[in-house]
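The values are calculated or read from the model by the stated rules, or taken from the named source; none is laboratory data. What you are looking at is a predicted structure, and each value in this text was computed from that prediction instead of being measured. Cβ placement follows ideal geometry from the backbone for every residue including glycine, while neighbour counts extend to all protein chains displayed. When the accessible area is computed, the model is the full protein with side chains, heavy atoms only, and any ligands, DNA or RNA have been set aside. Shrake-Rupley method; radii C 1.70, N 1.55, O 1.52, S 1.80 Å.
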Amino acid sequence: VYGQALQVVDLDGDGRDEIVDGFLGGDHSLHVYTAGDSPEQNWTRSTIDQGGMAAAACDVADFGAGRKEIVCIGTATANVKCYLPHRKTR
C-alpha cells in the first residue's frame, strides 16, 4: 500500500491535530484522519484524492490565502496538486 507522505497539523483550527496521509503505491490516494470529539471516539478518515495523487511528499502551510492548504507532489501520477482547506462541520 506504500504509504509515503505524512503530516500532522491542525487543519480545521480546533486546536487538535489531524493526520494527512498520502500513498505512493496501490490506489494513489490522499486522506485526512480526524480524531473524535471525545477520547472514546475513533478517528475518522476522509478521502481527499482517490486515484489522482501518488504522494511522494506533502506539505501543509498558508501559501498566502490566509488558510492552511495541502500541497503534494505525485511521482507515479507525475503531478503537483494543491488542496483547499479541510474544514470540520459543526
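Couple of notes before you dig in:
- Tail fraction, Cα-Cα pairs, region 1-41, threshold 11 Å, whole percent: 65 percent
- Applying a 4.7 Å cutoff between beta carbons, the unpaired cysteines of the chain are Cys82.
- Separation in nanometres of the label points that stand 7 Å from Cα toward Cβ, at Asp59 and Asp27: 2.9 nm
- At a probe radius of 1.4 angstrom, the accessible area of the chain per residue rounds to 58 square angstrom.
- Region 1-50, relative contact order [Cα under 8 Å, separation at least 6], %: 28 percent
- Dipole check for the chain: with +1 at the C-beta of Lys and Arg, -1 at the C-beta of Asp and Glu, and the Cα centre as origin, the magnitude is about 200 Debye.
- Mean projected area (nm²) of the alpha-carbon convex hull when the chain is viewed from all directions: 5.9 nm²
- Apportionment of accessible area to carbon and sulfur, the chain, percent (1.4 Å): 52 percent
- Close amide H contacts of Ala57 (hydrogens built in the peptide plane, cut-off under 5 Å, sequence separation of 5 or more or a different chain): Ile73.
- Shown here for region 1-69: chymotrypsin sites (Phe, Trp or Tyr not before Pro) in loop regions (DSSP other than H, G, I, E, B) with at most 11 other Cβ atoms within 10 Å, namely Trp43.
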